[in-house]
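I have placed the structure first, in the form of structure tokens, so that the comments after it can refer back to it.
Values quoted throughout were computed directly from the atomic coordinates according to the rules given, and no laboratory measurement underlies them. Quick caveat: nothing in here was measured; it's all calculated off a predicted structure. Here the Cβ positions follow ideal geometry from the backbone for every residue, glycine too, while neighbour counts run over all protein chains shown.
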Amino acid sequence: MTGGWTLEQWLEGFSRTLEGYVQQAVQTAEHAAPGGDAAWSELRARSQVAPDPLLARWVASLHPTARGASAEELRQVLERLVGWARGELHRLQQQAPAAASHPAWRSLQERLDRLALDEVARYRERKVGAALGQPAQQPSVGGIFANAARTADQTPWAEVYRQGAQAHTLVCKHCGSAQERTLDFQCRYCKKSLALAASL
């Protein structure tokens, strides 16, 4: 490889560059005015994708308050990007024939096979969700707990986590229910006094 890069380093760098271009295209399309704007027009021109003024007017008339370029134009831009990426990979394969047998190569080829379809499908889902007033992504409870587990040893909770901080729960010694409100020492259920339970 040129420049002292290994094949794996080149493929990883190329993959990151490709994803950066994909994100730039998608974000430019999402933030464009209905049917497109100057930034989108510039990106479309660099990709050599001809504008479709009839489509842009039609999209703008359907949802005058909606944002974003048309999904069809985004698909065309992404297909141009895929064409460029395939050309670069072809040049690499001519210089290093063994590249095609590398796992990262196969992974990159699979990404290119579905890139335009997958990205446009996600783009359409976000646009439809935005038109219906739905948030772009709704975190799942599993995702929240996974994030908590992943960041438990990071600041600002790192020291508390390392020290094994204890929590105390007040429970009713008569019926076993937990204290529901801070500074409320009467059981909501049996109306008797709460007591300090074992440390957790």
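Here are some notes:
- For Lys173, the residues whose amide H sits under 5 Å from its own are Ala195, ignoring neighbours fewer than 5 places away on the same chain, with H placed 1.01 Å from N.
- Per-residue Cβ neighbour rank within 10 angstrom, fewest leading, Thr28, Thr17, Thr6: Thr6, Thr17, Thr28
- Full-extension gain in nm, Glu110 to Phe185, via 0.36 nm per residue minus C-alpha separation: 20.9 nm
- A simple rule links phi to the HN-Hα coupling: the Karplus curve 6.51 cos²θ - 1.76 cosθ + 1.60 with θ = phi - 60°, which for the stretch 13-21 gives x, 5, 4, 5, 4, 4, 5, x, 5 Hz, with x for Gly and Pro.
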